[in-house]
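Working notes for the structure below.
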Amino acid sequence: MIESVLDEHLAVMGRVIAKFVSGGLMPHNIDSRAIEKFLGAPEDKRTFEGIMVWMLDEGIIRAKKVSQTMDGTMFLAAAQLTAKGFVIVKQPLPGGDTIEKRVHSDSSGNSFWTSIGDLVGSAAGSFTKSMTSG
């Protein structure tokens with residue numbers, strides 16, 4: 001099965017969320033030139049940077065300091081899940097489990113990580129919609 005670019009990005013987002021979930025609320029210093037050190041697997045630098053920007057903009061993660069060089073390289077100091085990110089990973093899913101539980105089950109494979117990223121994106125959208133319609 002051929003994956004779309006969005007599926008690839010969702011898989012990376014799933015891995016990023018898994019890293020934050022496995023670390024609890026411990027802060028992470030992230031250098032986009034050292035993605036493999038952070039995630040434990042190599043990923044495309046530009047894709048990773050784009051996902052980190054999106055997660056920051058959506059309020060899923062925060063960092064004490066974010067800096068970016070001219071070539072797009074990102075440095076995040078003390079990055080953590082936000083309260084919104086925490087709610088997203090703890091939110092019950094239709095099957096009764098949570099993103100956090102699914103991450104801990106670690107079925108591996110790109111489709112597993114894509115599904116985690118898709119759940120995060122959907123939950124972020126639902127969270128925003130519920131906050132603005134209330």
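The values are calculated or read from the model by the stated rules, or taken from the named source; none is laboratory data. If you're wondering where the values come from, they're calculated on a predicted model, not measured in any experiment. Glycine also receives a Cβ, built like all others from the backbone with ideal geometry; neighbour counts cover every protein chain displayed.
Residues in the stretch 46-74 that are in a loop (DSSP other than H, G, I, E, B), surrounded by fewer than 18 Cβ atoms within 10 Å (Cβ to Cβ) and either among the charged types (D, E, K, R) or in contact with a helix residue (DSSP H, G or I) (Cβ under 7 Å, 6 or more places away or on another chain) (or both): Gly59, Lys64, Asp71, Gly72, Thr73.
Consider the stretch 81-95 and keep the residues that are outside any helix (DSSP H, G or I) and in contact (Cβ under 8 Å) with a residue 24 or more places away in the chain. The one that is farthest from Leu119 (Cα to Cα) is Leu81.
If you take the residues of the stretch 91-102 that are surrounded by 14 or more Cβ atoms within 10 Å (Cβ to Cβ) and of a type outside the set (Ser, Thr, Tyr), which of them is farthest from Val12 (Cα to Cα)? Among them, the one singled out is Gln91. In the stretch 52-64, the residues that are over 11 Å from Val120 (Cβ atoms) reach residues that are part of a helix (DSSP H, G or I) and at pLDDT 95 or above with C-beta atoms within less than 8 angstrom, at least six apart or across chains, in these pairs: Met52/Ser32; Arg62/Leu56; Ala63/Leu56.
Let's see how each residue does on (1) surrounded by fewer than 17 Cβ atoms within 10 Å (Cβ to Cβ); (2) farther than 22 Å from Glu100 by Cα:
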residue	(1), (2)
Ala18	no, no
Asp31	yes, yes
Ala41	yes, no
Asp44	yes, yes
Leu76	no, yes
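Against the conditions (1) at pLDDT below 95; (2) more than 24 Å from Lys90 (Cα to Cα), Glu49 satisfies every one except (1).
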